[in-house]
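Visitor: One structure coming up, written as structure tokens, with questions to follow.
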Amino acid sequence: MSEDAIPPGPWLVYDGDCPFCSRYADYVETLAAVPGLKLISARAPCPEVVAALAAGFDLDRVMVLRLEGRWLAGEAAMAELAGRARRHRLWNRLYARLLTLPLFGAAFYRALVAGRLLTLRLLGRGRIMR
């Protein structure tokens, strides 16, 4: 997919069927971390989902943030959003810093993904297979 075909940002693709992901997306929106951020369920057939998939992201494993021409996924997306949040600034800066620490960020995000997959299974919801 050419850069011109990618829908303009900012947007965040997350699993709209996951209660944790949906709550996180609502939280990000409430904090006004990124003005004009468009929240998109990875399960919706839309250009942003197609672009994220074409860029090679596994939407069962990562949420994807498109911001200022950059792709950010997983813990990098969470760290960016936390660092830009307006409310609870001190907490968000600390949280963003922790997420950028290689061992902590990767381990924390993997634990979140594992919890998400287990919760979806318990709720009888399938994966995002495309």
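Visitor: Once you place label points 7 Å from the Cα toward the Cβ at ALA107 and ARG127, how far apart are they in nm?
Guide: Placing both labels 7 Å along Cα→Cβ, they lie 2.5 nm apart.
Visitor: Taking each pair of distinct Cα atoms in region 1-49 once, what is the resulting Kirkwood hydrodynamic radius in Å?
Guide: The answer is 11.5 Å.
Visitor: Could you work out [θ]222 nm for the chain from helices alone, using -39500 (n - 2.57) per DSSP H run of at least four and dividing by all its residues? Round to the nearest 500 deg cm²/dmol.
Guide: It comes out at -16000 deg cm²/dmol, rounded to the nearest 500.
Visitor: Right, here's the next one. With bins 10 Å wide starting at 0, give me the P(r) of region 41-109 over every alpha carbon pair, in whole percents.
Guide: 21, 44, 29, 6
Visitor: If you place +1 on the Cβ of every Lys and Arg, -1 on the Cβ of every Asp and Glu, and leave all else neutral, what size is the dipole of the chain about its Cα centre, to the nearest 20 Debye?
Guide: 460
Visitor: A follow-up question, please. If the rule is a partner Cβ under 4.7 Å, which cysteines in the chain fail it?
Guide: CYS46
Visitor: Taking θ as phi - 60°, what are the ³J(HN,Hα) couplings along region 103-108 by the Karplus curve (6.51, -1.76, 1.60), each to the nearest whole Hz, with x for Gly and Pro?
Guide: Once θ is set to phi - 60°, the couplings for region 103-108 become 5, 5, x, 5, 5, 4 Hz.
Visitor: Taking 0.36 nm per residue of separation and subtracting the Cα-Cα distance, what length does fully extending LEU39 through ASP26 add?
Guide: Once the chain is fully extended between LEU39 and ASP26, it gains 3.8 nm.
Visitor: With the contact rule set at Cα under 8 Å and sequence spacing of 6 or more, what percent relative contact order holds for the chain?
Guide: After rounding, I find 26 percent.
Visitor: Let me ask something additional. Nearest-5 percent of antiparallel DSSP beta bridges in the chain?
Guide: Of the beta bridges lying entirely in the chain, close to 65 percent run antiparallel.
Visitor: Rg to Rh for region 24-63: what is it, with Cα atoms only and Rh by Kirkwood?
Guide: With Rh from the inverse mean 1/r over Cα pairs, Rg/Rh is 1.00.
Visitor: Quick one: what does P(r) look like for the chain with 5 Å bins over all Cα pairs, in whole %?
Guide: Going out from 0 Å in 5 Å bins, the chain shows 2, 11, 21, 23, 22, 14, 7, 1, 0 percent.
Readers should treat all values here as calculations from the given coordinates under stated rules, not as data from a laboratory. What you see is a predicted model, and the numbers here were worked out from it, not measured in a lab. Neighbour counts run over all protein chains shown; Cβ positions are idealised from the backbone, glycine included.
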